[in-house]
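Trainee: Right, I'll just put the structure down here and ask away after.
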Amino acid sequence: SLEALTALPACEQAIIVAQTTQNLREYRQIKHWTARHHPHYKVFDTICDSTERRQGEVRRIADSADAVIVVGGKNSGNTQRLAEIVEHVDKPAYHVETEDELDLAALARFHTIGITAGASTPGWIIKRVLRTVDQVPFRRGRGWRTLWLHL
């Protein structure tokens, strides 16, 4: 984090790299701070293109949806970042590993639900989550509109 970086003592030589699934916005803040305060540090852009695209897509989904389901491992850094991005735009994020973890009663209050998944989430799990959400009965005359993002 930027806070952790600024707490470190200055070094004559340093290299900054990021986990390939790091939050892109946070990493850009770190690069900007480093360029201003320690321009001699070497910064390597190690965040993969698919991570950057996926994070941008989940922001767009969160902007359009009432809530977002993020499917993937609880220990997956990539999946955790996606859920954090949704929460950062003040939308409810439901991070689940399988369809069994879905809180259908909580989801029933939303009209628009986005669904996304971490990079390593198997397609068959994503499909089971989607099918489970699609089976929730209509309430008060409002139907579901599900945004599907295949990752």
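Trainee: Please specify each residue of the range 98-119 satisfying the condition of being within 18 Å of the chain's Cα centre (by Cα) and of a type in the set (A, V, I, L, M).
Mentor: LEU102, ILE113, ILE115, ALA117, ALA119
Trainee: Could you check, for the range 16-30, whether at least one of its residues is loosely packed, with under 15 Cβ neighbours inside 10 Å, farther than 30 Å from ARG131 by Cβ, touching a residue at least 24 places away in the same chain (Cβ under 8 Å) and touching a Gly at 6+ places or on another chain (Cβ under 8 Å)?
Mentor: yes
Trainee: VAL136 fails exactly one of the following numbered conditions: (1) open to solvent by less than 40 Å² (accessible area, probe 1.4 Å); (2) modelled with pLDDT of 85 or more; (3) in a loop (DSSP other than H, G, I, E, B). What is the number of that condition?
Mentor: (2)
Trainee: Right, another one. How many residues are open to solvent by 30 Å² or more (accessible area, probe 1.4 Å), free of Cβ contacts under 8 Å to residues at least 24 places away in the same chain and not polar (S, T, N, Q) when one looks only at the range 60-89?
Mentor: 4
The values are calculated or read from the model by the stated rules, or taken from the named source; none is laboratory data. From a predicted model like this one, the values you see are computed outputs, not experimental measurements. Please note: Cβ atoms are built from the backbone with ideal geometry, for glycine as well, and neighbour counts cover all protein chains shown. Accessible surface areas use protein heavy atoms only, side chains included; no ligands, DNA or RNA. Shrake-Rupley method; radii C 1.70, N 1.55, O 1.52, S 1.80 Å.
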